[in-house]
Structure formats: C-alpha cells, structure tokens
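What follows is a short report on a single structure.
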Amino acid sequence: QEAAMLHDIGIFLTKAPDIGCFGEHPYICHGYLGADLLRKEGLPHHALVCERHTGAGISLEMIKENHLPPRDMLPVTLEEKLIAFADKFYSKTNLTREKKLGKIRAEMAFYGEETVARFEEWCELFL
C-alpha cells in the first residue's frame, strides 16, 4: 500500500511546470529518481515499484534512447504491474477525470508495439 502512495515521489525533481515541478531532470526520469530517494531511506521494495511504474515500464531500448541509467525498469511483480496500470487512468494535470481505455491505448502506441502489448496484457489481468 505504501509503495502505491510513493510511486511518484521523484516528480518534484523533474521539469514539469504544468504540474508545479521545477526540477532539472526530464519527466521520464521521475521513476528512477524517486527510486534513488527511497533506496537512501532504506525502502528497496518501494524503490522498485517507483522505478518500474513509468509508462508501461521502460524497455532497455528506451533507456538507451533517453540516456537513462542502465537498469531494469519493466514491472515484474503483480504489485508493480498494477501500480503502473492504474497510473495510466489519471493525468496529473486533471485528477478528477478518468481516462478512457482508447485514449490510454493511443498514448501507449506512441511508445511502440512492445508497450502496447504490455498494456494489453495488464488489461487482461486487471479488467
């Protein structure tokens, strides 16, 4: 339960002025930045959830393209997958309106077939 509440803790370190964040890192970094904070606090399990929730997980190819630390950032456990999946249904700029599946699928498609397939697997698992 605590891991779910902490999954976005690294956002404040990113440059996302639309949601009031004025850090120096790109938004895509918020998962691993939060994970680093949680590891320093002695919360390695929570750190993995944080690190692996971004998008539908971040593949090694995307990690290389975005010059991110070479880590496994794909959700592995059921908890990691569930938090990543649930996170897709609400935008941080509008927390009052749930996104429709079609919109989420279109967003996932932007990141490639592998991302869409992972999201579809989660739809089967959780819906």
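When Thr14 is tested against (1) in contact with a helix residue (DSSP H, G or I) (Cβ under 9 Å, 6 or more places away or on another chain); (2) without any contact (Cβ under 8 Å) to a residue 40 or more places away in the chain; (3) of a type in the set (S, T, N, Q); (4) open to solvent by 30 Å² or more (accessible area, probe 1.4 Å), only condition (4) is not met.
Checking each residue in segment 78-104 for being of a type outside the set (Val, Ile, Thr) and open to solvent by 90 Å² or more (accessible area, probe 1.4 Å) picks out Leu78, Tyr90, Leu95, Arg97, Glu98, Lys100, Lys103.
Looking only at residues that are touching a strand residue (DSSP E or B) at 6+ places or on another chain (Cβ under 6 Å) and not in a loop (DSSP other than H, G, I, E, B) in segment 1-28, which one is nearest to Tyr111 (Cα to Cα)? Step through it out loud before you land on a result.
Restricting attention to segment 1-28, the residues satisfying the condition of being touching a strand residue (DSSP E or B) at 6+ places or on another chain (Cβ under 6 Å) are 11-14, 21, 23, 25, 27.
This time we only want the ones that are not in a loop (DSSP other than H, G, I, E, B), so: 11-14, 21, 25, 27.
Working: Ile11: 20, Phe12: 24, Leu13: 23, Thr14: 20, Cys21: 24, His25: 20, Tyr27: 15 Å.
Per the criteria, the residue is Tyr27.
The lone criterion from (1) open to solvent by 80 Å² or more (accessible area, probe 1.4 Å); (2) assigned to a helix (DSSP H, G or I); (3) in contact with a Pro (Cβ under 8 Å, 6 or more places away or on another chain); (4) not hydroxyl-bearing (Ser, Thr, Tyr) left unmet by Leu38 is number (1).
Annotation: of all residues in segment 9-23 being aliphatic (A, V, I, L, M) and out of contact with any Gly (no Cβ under 7 Å at 6 or more places or on another chain), the one that is nearest to His53 (Cα to Cα) is Ile11.
The values are calculated or read from the model by the stated rules, or taken from the named source; none is laboratory data. Every value quoted in this text rests on a predicted model; they were computed, and no experiment measured them. Note that we place each Cβ from the backbone using ideal geometry, even for glycine, and neighbour counts take in every protein chain shown. Heads up: the accessible areas ignore ligands, DNA and RNA and are worked out on the full protein's heavy atoms, side chains in. Shrake-Rupley method; radii C 1.70, N 1.55, O 1.52, S 1.80 Å.
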